[in-house]
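Report on one structure; see the data block that follows.
The values are calculated or read from the model by the stated rules, or taken from the named source; none is laboratory data. Not measured: the values here are computed from a predicted model. Virtual Cβ from ideal backbone geometry, glycine too; neighbours counted across all protein chains shown. Keep in mind that these areas ignore ligands, DNA and RNA; they rest on the heavy atoms of the full protein, side chains included. Shrake-Rupley method; radii C 1.70, N 1.55, O 1.52, S 1.80 Å.
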Amino acid sequence: MEKYSQRGSKGEVVVTFGAVQGTRWTGRKDPGAGVQVNLLEGPEDSLRSSYKYMFQRLRDVRNVLTEKIEELGESLRSQFNIEEFSVVSLPAQDSVTVLGQVCCDSNGKLNAQSVLLEAGQEQGGQQVPVDLSELKEYSLFPGQVVVMDGMNTTGKKLVASKLYEGCPLPFYNTTVNMETDEAAEPLNVLVACGPYTPSDSLTFDPLIDLISVIVRDRPDVCLLLGPFVDSKHQQIEKAQVTETFETIFSRCIESIVDGTRSVGCHLVFVPSQRDIHHDFIYPQPPFILPNLSKDQAQRVTLVPDPCTLLIDGVTFGLTSTDILFHMGAEEISCGTSSDRFSRILNHMLTQRSYYPLYPPTEEVNMDYEKFQIFGQMLLTPDVLVVPSELRYFVKDVVGCVCVNPGRLTKGQVGGTYSRLLIRRRATSEDGKRASPCLTAQVVKI
């Protein structure tokens with residue numbers, strides 16, 4: 001097995017998106033200076049500190065799910081001018097339009113024969129089996145809120161004839177000052193996701209290499225996603241660690257903050273459910289770093305998972321939870337021309353949620369009341385960062401640039417990170433939106 005230190009092809013670019021000809025992958029002359037990095041929500045709307053969890057009542061969970069069905073149903077209703085939704089379990093001799101949430105008829109995986117549609121409380125709250133055989137194309141997953149036309153002559157089974165595709169939320173409406181913004185140098189953003197150590201040792205060699213990349217390229221903003229101290233690490237699983245997890249974590253963060261001091265870039269830290277020293281709950285509160293000095297704290301932003309960030313007028317959706325992997329295992333499709341990643345990302349944007357899967361994977365502990373406030377998308381982000389165990393990519397999905405930077409290490413071998421050049425751009429004459437992501441790459445560490 002090849003070790004991290006023996007890896008080949010360091011710095012090889014494995015994915016390229018957008019126009020790269022003559023791109024300078026360096027930040028501005030004074031990286032991080034004057035860069036605005038803020039959570040899109042106001043202070044009272046964002047998850048700032050840890051909260052008490054494990055007090056959920058099933059009724060509260062149901063209310064959250066019901067409200068989601070009604071909210072998305074309302075937007076689909078006005079989008080397609082549907083007069084009203086029928087009750088799913090009512091026998092009718094004509095075609096009906098129904099609203100509900102997709103679920104599976106057993107504890108197994110969803111398949112074309114096991115699809116149920118569960119109506120919201122307003123439509124009677126019942127479940128009805130769905131026959132998909134007449135649909136030319138579909139892509140469904142458990143938890144998806146859908147509107148469909150179909151026949152239900154007995155009240156016992158809905159034969160679906162049409163599936164309505166939801167639309168994503170609008171993008172952030174930024175006011176672009178043509179003279180200054182269009183002429184401004186683009187912002188260089190580096191994105192990396194843990195683990196930052198190889199699986200066979202707790203030495204942070206890959207992290208040290210990442211810091212030297214930051215020092216070399218001088219990006220303006222670094223988005224660093226957990227796990228920093230990975231609960232799936234061999235030595236942590238076998239309890240072979242001689243220090244507290246907090247100590248390892250502080251050392252890791254200190255090395256990043258100190259190592260990038262000469263660059264002055266802005267650092268954003270996103271926690272992960274795999275960070276062993278941190279709250280094991282979704283949505284997850286930001287890290288707490290009590291030992292940061294005042295001058296260093298100015299260039300560090302601690303955010304929750306998930307979150308929507310505004311970086312110099314460009315919106316970034318960030319989550320460290322592997323939603324692609326979780327939904328990839330559950331989604332079923334037929335007759336679609338797009339690839340699985342694009343379908344899942346499209347679902348996230350049209351369901352307007354950072355974690356639309358229900359029930360969630362066993363390893364995700366969902367607090368539904370907090371999820372309702374902090375796990376929904378407020379708009380369609382310009383850039384969506386979705387790190388995953390699955391293969392790295394950069395894709396444009398309905399105008400949102402979606403990036404899976406891969407993980408910095410995969411087992412004992414080196415992984416990848418991503419870099420983007422962004423600049424606010426004005427809407428063109430014909431009203432078409434120009435993506436602020438000029439170009440993006442995934443690079444081997």
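Whole Å is fine, so just give me how far the alpha carbon centre of region 212-232 lies from that of region 103-163. Each part's Cα centre sits 43 Å from the other's. Using the Cβ-Cβ distance between LYS157 and ASP60 with R0 set to 56 Å, the FRET efficiency from 1/(1 + (r/R0)^6) comes to roughly 0.95. The alpha carbons of region 1-58 occupy a box of 52, 43, 23 Å along the principal axes, longest dimension given first.
3J(HN,Hα) couplings calculated from phi for region 278-285 with the Karplus curve 6.51 cos²θ - 1.76 cosθ + 1.60 (θ = phi - 60°) are, in sequence order, 10, 3, 8, 8, 10, x, 10, x Hz; Gly and Pro show x.
Using a cut-off of 29 Å between Cα atoms, the listed pairs LYS136/LYS157; LYS29/LYS410; LYS68/LYS162; LYS52/LYS232; LYS410/LYS432; LYS232/LYS370 include LYS29/LYS410; LYS410/LYS432 as exceeding that distance.
Once Rh is set to the Kirkwood radius over Cα pairs, what Stokes-Einstein translational diffusion coefficient, in µm²/s, holds for region 245-377 at a temperature of 20 °C and a viscosity of 1.002 mPa s? Intermediate values should be presented prior to the final figure.
Details: Rh = 16.7 Å.
Approximately 128 µm²/s, per Stokes-Einstein.
If the Kirkwood radius is taken over C-alpha pairs of region 319-445, then at 10 °C and 1.306 mPa s the Stokes-Einstein diffusion coefficient equals 99 µm²/s. Backbone phi angles across region 265-277, fed through the Karplus curve with coefficients 6.51, -1.76 and 1.60 (θ = phi - 60°), yield HN-Hα couplings of 6, 7, 10, 10, 10, 10, x, 10, 5, 8, 6, 5, 8 Hz in residue order; Gly and Pro are listed as x.
Sort out for me the Cα centre separation of region 361-395 from region 1-43, rounded to whole Å. If you average the Cα positions of each part, the centres end up 21 Å apart. Over all directions, the projected convex hull of the C-alpha atoms in the chain averages 23.4 nm² in area. Taking all protein chains as shown and a probe of 1.4 angstrom, ASP312 keeps an accessible surface of around 40 Å². Straight Cα distances below 13 angstrom link LYS444 to the aspartates and glutamates GLU12, ASP209, with same-chain residues fewer than 8 positions distant left out.
Computed over the alpha-carbon pairs of region 351-426, the distance histogram in 10 Å steps reads 15, 37, 36, 12, 0 percent, short to long. Close amide-amide hydrogen proximity is noted between THR301 and LEU267, VAL268, PHE269, each under 5 Å apart and 5 or more residues distant or on a separate chain (H modeled in the peptide plane; Pro and chain starts excluded). Highest mean first, the peptides 96-106, 119-129 sorted by other C-beta atoms within 10 Å per residue fall in the order 96-106, 119-129.
Would you work out what percent of the accessible area of the chain, with all protein chains in place, is carbon or sulfur (probe 1.4 Å)?
Working: 9800 of 19850 Å².
C and S fraction of accessible area: 49 percent.
Looking at region 207-246, the accessible area is 45 square angstrom per residue; that uses a 1.4 Å probe and ignores ligands, DNA and RNA.
Using a simple spin-label model with pseudo-atoms 7 Å out from Cα toward Cβ, GLU12 and SER78 lie 5.1 nm apart.
Determine the per residue accessible area of region 1-110 with all protein chains present and a 1.4 angstrom probe, expressed in square angstrom. Display every interim value, and only then the final one.
Values: 7170 Å² over 110 residues.
Accessible area per residue: 65 Å².
Would you mind getting me the FRET efficiency between LYS432 and GLU389? Use the beta-carbon distance for r and R0 = 41 Å, nearest 0.05.
Working: r = 35 Å, r/R0 = 0.86.
My answer for the efficiency is 0.70.
Computed 3J(HN,Hα) for region 126-136, one whole-Hz value per residue from the Karplus formula 6.51 cos²θ - 1.76 cosθ + 1.60 where θ = phi - 60°, is 8, 10, 9, x, 10, 9, 9, 4, 8, 7, 5, glycine and proline marked x. For TYR392, no residue 5 or more places off, or on another chain, has a built amide H under 5 Å of its own. Checking the a/c ratio against 1.5 first, then a/b against b/c, what shape does the Cα gyration tensor give for region 105-226? Oblate shape, in that a/c is at least 1.5 and b/c is the bigger or equal ratio. When peptides 148-154, 298-304, 17-23 are sorted by average Cβ neighbour count within 10 Å, with the highest value leading, the order is 298-304, 148-154, 17-23. What residues have an amide H closer than 5 Å to that of GLN284, excluding those fewer than 5 places away on the same chain, when H is modeled at 1.01 Å from N in the peptide plane? Long-range HN contacts for GLN284: ASP305.
Using R0 = 60 Å, the C-beta based FRET efficiency linking GLN127 and THR242 works out to 0.70.
Treat region 274-350 as a sphere of radius equal to its Kirkwood radius over Cα pairs and apply Stokes-Einstein at 10 °C in a medium of 1.306 mPa s; give the translational diffusion coefficient in µm²/s, rounded to a whole number.
On the way: Rh = 15.5 Å.
After rounding, the answer is 102 µm²/s.
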